[in-house]
Amino acid sequence: MSTRDWQGKHVTVAGLGVSGIPAARVLHGLGAVVTVVDDRDDEGARAQAAELESRGAAHSASNDDGGGGRRAGITVRLGDGDTLPEGTELVVTAPGWNPGKPLFAAAAAAGAEVWGDVELAWRLRGTDGGRAAPWLAVTGTNGKTTTVRMLASILTAAGLKTAAVGNIGVSLLDAVLGGEEYDVLAVELSSYQLHWAPSLRAHSAAVLNLAPDHLDWHGSMEAYAADKGRVYAGNTVACVYNAADPATEALVREADVVEGCRAVGFTLGTPGPSQFGVVDGILVDRAFVENRQKQAQELAEVSDIGASSSRGAGAGPPAPHNIANALAAAALARAFGVPAAAVRDGLRAFRPDPHRIEYVDDVDGVAYVDDSKATNTHAAEASLAAYEPIVWIAGGLAKGATFDELVGRSAKRLRGAVLMGADRALIAEALARHAPEVPVVGLDRTDTGAMSAAVREAARLARPGDTVLLAPACASMDMFANYNKRGEAFADAVRALAAERA
């Protein structure tokens, strides 16, 4: 779309917040008539609304619409996110707004399209006359952020101007319209974002894994998977899938792609043709080589993954799921033509985000690892699979999850368990059914010292050579502001314990 297409267009932005406010500003700057609606009408929402309306008014007073008139401002309507403003031609929604809201039914009845901020960014790329950078997209239930950061590190090592954007915290609108001219973007996309991005067409994309998540929003596992599968639509070079997760390969088979686009798998074992895998501790490519039936290209050693990070002597090798993430990132980078040496250099330079399999310290021969980001059972299972034996710290808000499969698959690795949080009893019951021999300590407290108590109980259960692993399998909001604060509390408690034992 050209900038002229937006002049006077009536657009409703659904939701104040990290995506809605930038979208409203961008649309207003393009000349659209913008109304923002939000269900909230609290002090915080009113402050956001006042700032947005004042910015819109100031901008309108200093700019005309190209025809000698004044550009319309921004209107914010609080306390009613269900009613469609009159005259709406397009709705741009925050990704988390549920598709069942009456606002969207009204939009359909009025013939108004509904886009998310990702769709808006996709449509606006190149509108300022610059070159539209291709997107390498990553989705999946777990591992998205790590994989996208690995991918961006590899692309940077290849000398390409790039950024890790999308659901990772950097706005795609800022990347597309911010004045920087990128060679390629590494894009993290959630199932919510993909649901509202009907025309997105990535250069290449990966679905890392699929497990039940956000089913209250999507309505079913089938609908959740279908939204994840949208990332493959229109891919031009490669659809990257997880060979250990047949559901991801099924999405590739169902995808409508550009002729010549290839299915490329990744595996922790020896790769077959058109796959990436591991041979004798070496990451190898059998997809983007001259003769993939007989040849393989060495890319990096497993030990290169995050080699520059401060994992510490007690941290051990990368967790298996992070090796899988590295293979997916390498596959996307190679699909873009990146040389093998850049894969190695990028993985060496990569530093994982905090609270994702983060080694904290070694106390009396016991390693303490923070994976507070493991907020669902699928992520916690991957974390538990990386160590043995384990004293497991878990619990929080279960979000409707059940724990029998997780405990059944991980029981043999457990030395003990320390449970905390609102839904700790659900995990305790699963442990009693599937691992009755594992000692369990339940903490009936939610004060600021609860994590310190959990770490001390875990230290009591642990023996030299064990790992005390915070992998909660639950959300954090019953006791902490977010998973970051939970992880920080764990790290502080471990360091306090280390200082006492020193």
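The values are calculated or read from the model by the stated rules, or taken from the named source; none is laboratory data. These numbers come from a predicted model, not from an experiment. Cβ placement follows ideal geometry from the backbone for every residue including glycine, while neighbour counts extend to all protein chains displayed. Remember, those area values only see protein heavy atoms, side chains included, never the ligands or the DNA or RNA. Shrake-Rupley method; radii C 1.70, N 1.55, O 1.52, S 1.80 Å.
Once you put a point 7 Å from the Cα of ALA307 and another 7 Å from the Cα of ALA105, both along the Cβ direction, what distance in nm separates them?
Result: 5.9 nm between the two label points.
What FRET efficiency do you get for ILE282 and ARG262 if R0 is 22 Å and r is their Cβ-Cβ distance, rounded to the nearest 0.05?
Details: r = 23 Å, r/R0 = 1.03.
Calculated value: 0.45.
Can you give me the Rg/Rh ratio for segment 347-395, using Cα atoms for both radii and the Kirkwood formula for Rh?
Rounded to two decimals, Rg over Rh is 0.98.
Averaged per residue, what accessible area in Å² does the chain show with a 1.4 Å probe, protein chains only? All intermediate terms of the calculation are to be shown ahead of the outcome.
Numbers: 20410 Å² over 502 residues.
Value returned for the chain: 41 Å² of accessible area per residue.
Length gain on complete extension for the stretch LYS485 to ASP444, per 0.36 nm per residue less the alpha carbon to alpha carbon distance?
Net length gain for the segment: 12.8 nm.
With only alpha-carbon atoms in the gyration tensor, what are the semi-axes of the equivalent ellipsoid for segment 1-49, in Å, largest first?
23, 9, 8
Less than 13 Å Cβ to Cβ from ALA110, Lys/Arg counted +1 and Asp/Glu -1: what total charge do the surrounding residues give?
In short, -3.
In the chain, what percentage of the DSSP-assigned beta bridges are antiparallel, given to the nearest 5?
If we restrict to bridges inside the chain, about 20 percent are antiparallel.
What net charge is computed for the residues neighbouring LEU426, neighbours being all others with C-beta under 12 Å from the C-beta of LEU426, Lys and Arg scored +1, Asp and Glu -1?
0
Restricting the calculation to Cα positions, tell me the Rg (one decimal) and the Dmax (whole number) of segment 359-445 in Å.
Rg and Dmax of segment 359-445, Cα atoms, are 12.2, 37 Å.
Given points 7 Å out from each Cα along the Cα-Cβ axis, report the MET221 to ASP492 separation in nanometres with one decimal.
4.0
What number of lysine-lysine pairs in the chain show an alpha-carbon separation below 15 angstrom, given a sequence spacing of 8 or more or placement on distinct chains?
4
No solvent, one uniform scatterer per C-alpha: report log10 I(q)/I(0) for segment 88-224 via the Debye equation at q = 0.10 1/Å, two decimals.
Reported log10 I(q)/I(0), two decimals: -0.35.
Summarise the accessible area of the chain (1.4 Å probe, protein heavy atoms) by the percent that is carbon and sulfur.
Numbers: 9810 of 20410 Å².
On the chain, the fraction of accessible area on carbon and sulfur atoms equals 48 percent.
Once the Cα gyration tensor of the chain is diagonalised, what are the square roots of 5 times its eigenvalues, in whole Å and ordered largest first, as equivalent ellipsoid semi-axes? Could you put the intermediate results ahead of the total?
Numbers: eigenvalues 328, 177, 82 Å².
Sorted largest first and rounded, they come to 41, 30, 20 Å.
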